[in-house]
Amino acid sequence: MGLFDKLFGGGKKKVSKETVETRGLHMPDLNIPIDEKFTIHFRKNGGKFLYCDSFTEISQALKNIIAENEWKNHPFFIMNNSLEEKFVKEGVTFTAKAKESEVFFTTCEHLIAQNGSILVCSNQLNEKKLHELPDNVIVFATTSQLVESIGEGLKKIKKKYGHSIPANITTLKHFQANEDNSDDFLTYGSSSKNLYLLLLEDL
């Protein structure tokens, strides 16, 4: 059974729509599995979530996003060569210049269940700040990148990179206009983004 089966038709009880929509910002955290928790918080932040069982589904979801937003003739800004190679056959054109694109296509370090944010660093952003990126963002991630908290994500980054810890660590969290972006130091000074998450099951 896949990690997200509870949410996407695996036969077990789903989190109700009312639970997702009516929980206040300061209510105690839900005592639920990490995958469901991330989904609830991510959607409350305004993110658009596409869960896929295979790369074929990822490819189709990407095509749907492009069609929905009329981005067929718009190059995607990308800073990750391996990501470009992975999607080069999907009919997407890429550019290395942010000013030439309306869409930033990227990976991430981790998905934070605690607040539905996406942890990124210089491996994804180089030295750019969030406000320097296009307003539209598509993130490609896998279910194995889910962690409970920002602290756990930072520990995993430290363990992964050892003494070469990447710089420019921040979170993408605000996916709607007029959000208050001052709730934690990792999102201080960030700007709201129209964000799609392409999440591939790999567990």
Would you mind counting up the charge near residue 164? Only other residues with Cβ under 15 Å from its Cβ, with Lys and Arg at +1 and Asp and Glu at -1.
+3
Just read off the accessible area of residue 53 with the full protein assembly in place, 1.4 Å probe, to the nearest 10 Å².
90 Å²
Residue by residue through region 145-158, which ³J(HN,Hα) values in whole Hz follow from phi under the Karplus form 6.51 cos²θ - 1.76 cosθ + 1.60 (θ = phi - 60°), with glycine and proline marked x?
8, 5, 9, 6, 9, 4, x, 5, x, 5, 5, 5, 5, 4
Under 30 Å between alpha carbons - lysine pairs in region 94-176 that sit 8 or more apart or on different chains:
25
If I ignore ligands, DNA and RNA and count only protein heavy atoms, how much of residue 54 is accessible to a 1.4 Å probe, in Å² to the nearest 10?
40 Å²
Calculated FRET efficiency for the pair residue 203/residue 73, C-beta based, R₀ 30 Å, to 0.05:
0.25
Given 0.36 nm per residue, what is the gain on full extension from residue 98 to residue 48 after removing their alpha carbon distance, in nm?
15.8 nm
From largest accessible area down, sort 131, 41, 174; use a 1.4 Å probe on the protein chains.
131, 41, 174
With just the Cα atoms defining each centre, how far is region 136-161 from region 69-126? Give it in Å.
16 Å
Other residues with Cβ under 14 Å from the Cβ of residue 91 give, with Lys and Arg +1 and Asp and Glu -1, a net charge of +2
5 angstrom amide H check on residue 103, placed H, neighbours 5+ away:
77
Kindly work out what percent of the DSSP beta bridges joining two residues of region 44-170 are antiparallel, to the nearest 5.
25 percent
Residue order for 163, 74, 110 - accessible surface, 1.4 angstrom probe, largest first
163, 74, 110
Accessible area of region 44-125 with a 1.4 Å probe: how many percent of it is carbon plus sulfur?
44 percent
Per residue, how much accessible area does region 63-181 show when a 1.4 Å probe rolls over the protein heavy atoms, in square angstrom?
52 Å²
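The values are calculated or read from the model by the stated rules, or taken from the named source; none is laboratory data. What you see is a predicted model, and the numbers here were worked out from it, not measured in a lab. Cβ sites come from the backbone with ideal geometry, for glycine too, and all protein chains shown count toward neighbours. To get the accessible areas, we keep the full protein, side chains included, count just its heavy atoms, and leave off ligands, DNA and RNA. Shrake-Rupley method; radii C 1.70, N 1.55, O 1.52, S 1.80 Å.
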